[in-house]
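Note sheet for the following structure.
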Amino acid sequence: MNISYVHGLIGGMFIGAAAVILYWFNGRIMGVSGIASRLLARPGQDYWWRAAFILGLVLGGFIYQLKSPIAVVVDASEWVLMIAGVLVGFGTVMGNGCTSGHGICGMARLSKRSIVATLVFMMTGIVTVWLKKVVGV
Amino acid sequence: MVIIMALVSGLMMSIGLIVSGMVNPLKVIGFLDLFGHFDPTLAFVMVGALGVAAIGYRLVGCSKPLLCESFDLPKKSKIDAPLILGAALFGIGWGLAGFCPAPAIVGLGLGLPKALLFVCAMLVGMFLARRWALRL
């Protein structure tokens, strides 16, 4: 088996464990888009754990990069990234979730909404990647 | 304690995304490239994550979380238009960039200028959607 599949499986288990930790201890669903977007609201009771979670994401990347630098190639141009970013931000707030909240946490709870959302974003993602190649972006 | 465990969860998530290669947009786009150079890694990530999360969610022994009063689960159960439309828009952005919210935020820590650009645009999108939702 391709080694990157093994890494995928192990990394995936870490992601699952992160979701379980947040649920067992804090009683929360690990939906990254929801956690991030609610930081835009006026700071309330839940503000600081959300900020801490996001800080953990950034810090994890930072520490990893110090210890064993990895090369990440971002192919998309600046324009495409800006349009994509707005679509991802708007879409995840409107649809109440992204890959983590719907794709992992929601599907693990067998939520119908999450299963439908995951199928929809996978489908439009696949069509977008195909169209990009046809158009040549 | 609630704050510390959220930090631990974020760190764990970050490591998972890096180890699995999902911080790399090309791997994500490879998965979505069903009709081209298909890369199934993301499916393995989903299997690992869903397996652990599904078992973990079911193993909860007590009626409340260890650090607070109650579990906070999404209350909506109806499949409505905003869910479908929102997910569809998200998928288009995801396919365009190869980034979804978590890997892009991890990308900030990795020091990727393009991740910063994406996250800023994402926050603008989130802000607009929140404004728009409040008007409904």
Quiz item: What lysines could a cross-link reach from residue A:132, if we take a straight Cα to Cα line under 26 Å and drop same-chain neighbours fewer than 8 places away?
Solution: B:27, B:114
Exercise. Calculate the spin-label point distance for residue B:127 paired with residue A:79, positioning each point 7 Å from the Cα along the beta-carbon direction, and give it in nanometres.
Key: 2.3
Quiz prompt | chain B: relative contact order in percent, alpha carbon pairs under 8 Å with at least 6 residues between | solution = 26
Self-check item: Net charge, residue B:20 excluded, C-beta distance under 15 Å - Lys, Arg +1, Asp, Glu -1
Solution: 0
Quiz item: What is the average number of partner chain Cβ atoms found within 10 Å of a Cβ in A:59-69?
Solution: 6
Quiz item: Which lysines have a Cα less than 26 Å from the Cα of residue B:78, not counting those fewer than 8 places away in the same chain?
Solution: A:112, B:64
Quiz item: What does the convex hull of the Cα atoms of region A:1-118 come to per residue, in Å³, rounded to a whole number?
Solution: 158
Exercise. Report the FRET efficiency, 1/(1 + (r/R0)^6), for residue B:26 and residue B:81, where r is their Cβ-Cβ distance and R0 is 45 Å, rounded to 0.05.
Key: 0.85
Quiz prompt | For residues of B:73-84, the mean tally of beta carbons on other chains within 10 Å | solution = 5
Exercise. Treating cross-link reach as a plain straight distance, find the aspartates and glutamates whose alpha-carbon is under 14 Å from the alpha-carbon of residue A:133, omitting any fewer than eight places away in the same chain.
Key: A:75, B:33
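Since every read-out is calculated from the coordinates, none of them should be taken as a lab result. Every value quoted in this text rests on a predicted model; they were computed, and no experiment measured them. In this analysis, Cβ positions are derived from the backbone assuming ideal geometry, glycine residues included, and neighbour counts consider all displayed protein chains.
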